[in-house]
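The next block holds one structure in the form of structure tokens; read it before the comments.
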Amino acid sequence: SMITGIIPARYASTRFPGKPLVDIHGKSMLQRVYEQCQKSNLDRVLVATDDKRIASHVQDFAGEVILTASKHKSGTDRIAEAADKLNLQNNGIVVNIQGDEPFIHPEDINLLAACFENQTTQIATLVKKINAIETLENPNNPKVVLNTKKEALYFSRAPIPHLKDFKKEDWLNHHIFFKHIGIYGFRIAVLKEITQLPSSILEQKEGLEQLRWIENGYQIQTAETNSESISIDCPEDLIRIDKKNFS
């Protein structure tokens, strides 16, 4: 089936207005994300935005762009509208790529896409082993627990599972903990269904959109990555980028 990569991009961001267009060593953040996607196995890459400035910028670097409504609360809703406008087939796959990860690894996109070789996969995402106690305890790094098929049982901002027999500072020595890496793939039929669901209780309590899907009985397949990609949330994050990251 066709795999389409869609990068949702908003101009207005509370912490960093105009973020997709910020210059990173001679190219915009958005162009860098787009070019990383083009190095992967995706059949097609496009940007979904509600902003004319972003749309014309994508056209300037000869990328494909689609205009979507400005009402969307999440990137998932935006890519669902884009998939609908593009008339993508129900058995096709859409990968939602964060527009603020200029160094996303093409191998990670391929790893995610490979989850859909199994015809029963509805939704897929990536996880990574945690090796610092600060990450485990940081509520901004959602944790995930998996079943034997590597499907997500639950995502939480809390450290899960809780190891009752050990002190927290020793936990990483006694269990493999995973953090969630926020890139998603969806079978298009499933994407249409989940975007019709009302917001769920667990989603609201944890502030994690993916809990809505789990709470409604959808399965989220995971694959494990070892790579780490830097996401740019605020202008200060640009300072952390080292020249060696540039191509």
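Give me the log10 of I(q) over I(0) for the chain at q = 0.08 Å⁻¹, as the Debye formula computes it from C-alpha points; what are the numbers?
The Cα Debye sum returns log10 ratios of -0.30.
Just to check I understand the Karplus step: with θ = phi - 60° and J = 6.51 cos²θ - 1.76 cosθ + 1.60, what whole-Hz values come out for segment 46-56, glycine and proline as x?
8, 9, 10, 9, 10, 10, 4, 5, 5, 4, 6
If one takes the longest principal axis of the Cα atoms in the chain, at what angle in degrees, from 0 to 90 and to the nearest 10, does the Cα axis of helix 75-85 lie?
40
Hey, if you drop one equal point scatterer on each alpha-carbon of segment 1-69 and run the Debye formula without solvent, what base-10 log of I(q)/I(0) do you get at q = 0.12, 0.20, 0.23, 0.24 Å⁻¹?
Result of the Debye calculation: -0.29, -0.79, -1.01, -1.08.
Give the distance, in whole Å, between the Cα centre of segment 5-19 and the Cα centre of segment 159-175.
Using only Cα atoms, the two centres lie 37 Å from each other.
Give me the accessible area per residue for the chain, probe 1.4 Å, as a whole number in Å².
50
Roughly how tilted is helix 29-38, in degrees to the nearest 10 and between 0 and 90, from the longest Cα axis of the chain?
In the chain, helix 29-38 runs at an angle near 80 degrees to the longest axis.
How large is ³J(HN,Hα), in whole Hz, for each residue of segment 117-134 in order, when computed from phi with the Karplus curve 6.51 cos²θ - 1.76 cosθ + 1.60 and θ = phi - 60°, using x for Gly and Pro?
Running phi through 6.51 cos²θ - 1.76 cosθ + 1.60 with θ = phi - 60° gives 5, 7, 5, 8, 5, 9, 9, 9, 8, 10, 10, 9, 4, 8, 10, 10, 4, 4 Hz.
Calculate for the chain the 222 nm mean residue ellipticity that helices alone would give, adding -39,500 (n - 2.57) per DSSP H run of length 4 or more and normalising by residue count, nearest 500 deg cm²/dmol. Provide the component values of the computation, followed by the final result.
Working: 8 runs with 63 residues, N = 247.
After summing the helix terms and dividing by residue count, I get -7000 deg cm²/dmol.
From zero up to wherever the largest Cα-Cα distance of segment 137-247 sits, split into 5 Å bins and tell me the percent of pairs in each.
2, 9, 17, 19, 17, 15, 11, 7, 2, 0
How far apart, in nm, are the 7 Å Cα→Cβ label points at E137 and D165?
Spacing of the two 7 Å Cα→Cβ label points: 2.4 nm.
Need one number: the % of Cα-Cα pairs in segment 1-118 sitting beyond the 22 Å mark.
Roughly 28 percent, once rounded to a whole number.
On the accessible surface of the chain, probed at 1.4 Å, how many percent belong to carbon and sulfur atoms? Numbers along the way, then the final one.
Working: 5950 of 12380 Å².
Result for the chain: 48 percent of the exposed heavy-atom area is carbon or sulfur.
Quick one: what are the phi-derived ³J(HN,Hα) couplings along segment 205-218, Karplus 6.51/-1.76/1.60 with θ = phi - 60°, whole Hz, x for glycine and proline?
Residue by residue, segment 205-218 yields 5, 8, x, 10, 4, 5, 5, 4, 5, 5, 4, 9, x, 7 Hz.
When only Cα pairs under 8 Å and 6 or more residues apart are kept, what is the percent relative contact order across the chain? Please list the in-between numbers first.
On the way: 446 pairs, mean separation 56.4, N = 247.
Computed value for the chain: 23 percent relative contact order.
Considering amide H positions built from the backbone, and no H for Pro or chain starts, which residues 5 or more places from I181, or on another chain, come under 5 Å of its amide H?
Those qualifying (amide H under 5 Å, at least 5 residues apart or on another chain) are L126, V127, K128.
Please state the charge dipole magnitude for segment 35-128, taken about the Cα centre, from unit charges on C-beta atoms (+1 on K and R, -1 on D and E), reported in debye and rounded to the nearest 20.
220
What is the set of long-range amide H partners of I230 at a cut-off below 5 Å, with H atoms built 1.01 Å from backbone N?
Residues meeting the criterion, in which the H sits 1.01 Å from N, are F103.
For N226 and F61 in one chain, what is 0.36 nm times their gap in residues minus the Cα-Cα distance, to one decimal in nm?
56.3 nm
Normalised by the number of residues in segment 130-247, what is the relative contact order in percent for Cα pairs under 8 Å and 6+ residues apart?
Relative contact order, segment 130-247: 24 percent.
The values are calculated or read from the model by the stated rules, or taken from the named source; none is laboratory data. It should be emphasised that the depicted structure is a prediction, and the values quoted were computed from it without experimental measurement. Reconstructed Cβ throughout: ideal geometry from the backbone, glycine too, with neighbour counts over all protein chains shown. What goes into the accessible areas is simple: the full protein's heavy atoms, side chains included, and nothing from ligands, DNA or RNA. Shrake-Rupley method; radii C 1.70, N 1.55, O 1.52, S 1.80 Å.
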